[in-house]
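Encoded as structure tokens, the structure appears first; notes follow it.
The values are calculated or read from the model by the stated rules, or taken from the named source; none is laboratory data. These numbers come from a predicted model, not from an experiment. Note that each Cβ is placed from the backbone with ideal geometry, even for glycine, and that neighbours are counted across all protein chains shown. Heavy atoms of the whole protein, side chains included, go into the accessibility calculation; ligands, DNA and RNA do not. Shrake-Rupley method; radii C 1.70, N 1.55, O 1.52, S 1.80 Å.
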Amino acid sequence: MDSIFSRYSHLGLPIFRICVSLMMLTHGWAKLMKLTAGGEIKFYNFMGMGPEISLTLAVIGELIAPLLIIVGFKTRYAALPAAFTMGVAAFIVHGADPLGEKELALFYFLSFFMIMLTGPGAYSLDTKD
């Protein structure tokens, strides 16, 4: 006998990837506004690339990649910059901070890493018939 949980198990990955990515969009949108606002950009200078390039890369990881993940286009590849961005935030930018201050970045890092490993699930543009 099928349980209700096994009957709808194919929805787990799509719901997860969409919800996590929708939540990430709020962070990416704020960074895009900061990038396009004009004036001096104050942002973490990743590997000496400068704050403008570092912020641009963060916008790619927090806005562009999650949009691709939501629709399920090249999902595993899109999850890579999202996971990388959150890994930098968790382990480098907030590396010395207590767990309570970096747990959101860790949650996103692990979530996008999982999406990278598992793929988009049943409903996506990547799904093959």
Output the relative contact order of the chain, whole-number percent, from Cα pairs under 8 angstrom with separation of 6+ residues. 29
Which is farthest toward the positive dipole end of region 7-67 among G12, A65, L35, measuring Cα position about the Cα centre, with Cβ charges +1 (Lys, Arg) and -1 (Asp, Glu)? G12
Within the chain, pairs of Lys residues whose Cα atoms are less than 29 angstrom apart, provided they are eight or more positions apart or on distinct chains, add up to 9
Going by average Cβ neighbours within 10 Å, how do the peptides 14-25, 39-50, 65-76 rank, with the highest at the top? 65-76, 14-25, 39-50
Amide H to amide H under 5 Å from D126: which residues, 5+ apart in sequence or cross-chain, H placed 1.01 Å off N in plane? K74
In whole Hz, with x marking every Gly and Pro, tabulate ³J(HN,Hα) for region 20-28 from phi via Karplus 6.51 cos²θ - 1.76 cosθ + 1.60, θ = phi - 60°. 4, 5, 4, 5, 5, 4, 4, 6, x
For the chain, which whole-number percentage of the solvent-accessible area (1.4 Å probe, protein heavy atoms only) is attributable to carbon and sulfur atoms? 71
Using the Cα centre of region 8-121 as the reference point, and only Cβ charges (+1 on K/R, -1 on D/E), how large is the resulting charge dipole? Debye, rounded to the nearest 20. 300
Per residue, how much accessible surface does the chain expose to a 1.4 Å probe? Answer in Å², no decimals. 61
